[in-house]
Amino acid sequence: MRIERFVVPPLDNNVYLVVDDASKEGLVVDTSLGSQQLLGKARDLSATIKFILNTHGHADHAADNEPVRAATGAKIAIFEVDAPRLQKIAREPRWYLPSPPPLSKAEVLLREASDVRVGEVTLTTLHTPGHTEGSASFYSASQGVLFSGDTLFAGTSGRTDVGGGSPARMVSSLRRLAGLPPETRVLPGHGPETTIGDESWIADLEYPVV
C-alpha cells in the first residue's frame, strides 16, 4: 500500500491518496481543496481512484469531492449520519472558502465496521463521533494505519465546540482509538503524523474536552 499526503487549502488540511501496489486501484481520504494534487499524483502513479472517503462532512474536508468524482467516476463515501452535511455545505458560505463547494452526494453510506476495498487494501470504518455526529476514522489493521480525520491529532483532539460536536463523545472516541496497537500510524486531518503510542495523554483524559 502506498500513501501520498498533501497539505492543501483551505485550512492546511491533510488529504491522502492511497494506492494498492498490485492493482493500482486507489482511494482518496478527504479532498479539501486538493483535487489538482490528488488527480495529478494519481496520473503519475497510473492509479485509478475508486472511492472518495470523507472522514466527516465539514466543508474544509469535502470541498473538492465533486471535482474529483467528476474526473474519476469515484464513489463518494461518508458515514451515514454525516451524509446530509454534504448538501448543507453546498448551500452555505464559509469564511475560509471563496464560495460554497459544488454539490456532492454520497453514493456509499458507511456504518460501523463497513469495509472499503481497493485491490488488496481494506480500510475499516470506525465511528468516532465528537467533532461531528458522524465523524469516522478509517483503519487498516494489516498495514497498521489509521486515518483519524478531525478526531485525533498529534498531541490533541479535534474541536467539539462546533455544530454536531460533543465533548463526551470525543472522550469516548479518543479512548477507543487509544486501544489500537501502540505502533499504529495515525494520519490526521490536520498537522503531522503520529502514532497511537505517542498519544499517551489520552489515558489521563478527563471529561470534558474542547
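Just so you know, all these numbers are worked out from the coordinates, no wet-lab data involved. Since the model is a prediction, treat every value here as computed from it, not as a measurement. Note: ideal-geometry Cβ built from the backbone for every residue, glycine included; neighbour counts use all protein chains shown.
Miscellaneous remarks
- DSSP-defined antiparallel bridges as percent of all bridges, the chain, nearest 5: 65
- For the peptides 48-56, 18-26, the ranking by mean Cβ contacts within 10 Å, running from highest to lowest, is 48-56, 18-26.
- Sites residue 43 and residue 107, calculated FRET efficiency, Cβ-Cβ separation with R0 22 Å, nearest 0.05: 0.45
- Only lysine pairs 8 or more places apart or on separate chains count here, and in the chain those with Cα atoms under 15 Å apart total 6.
- Positive minus negative residues near residue 163 (Lys, Arg vs Asp, Glu; Cβ under 10 Å): 0
- The helix-only estimate of mean residue ellipticity at 222 nm for the chain, built from DSSP H runs of length n ≥ 4 each weighted as -39500 (n - 2.57), is -5500 deg cm²/dmol after division by the residue total.
- Between the listed residues 137, 184, 17, the Cα displaced farthest toward the positive end of the dipole of the chain, a dipole computed from Cβ unit charges relative to the Cα centre, is found at 17.
- Rough spin-label spacing in nm, given labels placed 7 Å along Cα→Cβ, for residue 7 and residue 175: 3.3
- Packing-based ranking, highest mean first, of 92-99, 166-173 given that Cβ atoms within 10 Å are counted: 166-173, 92-99
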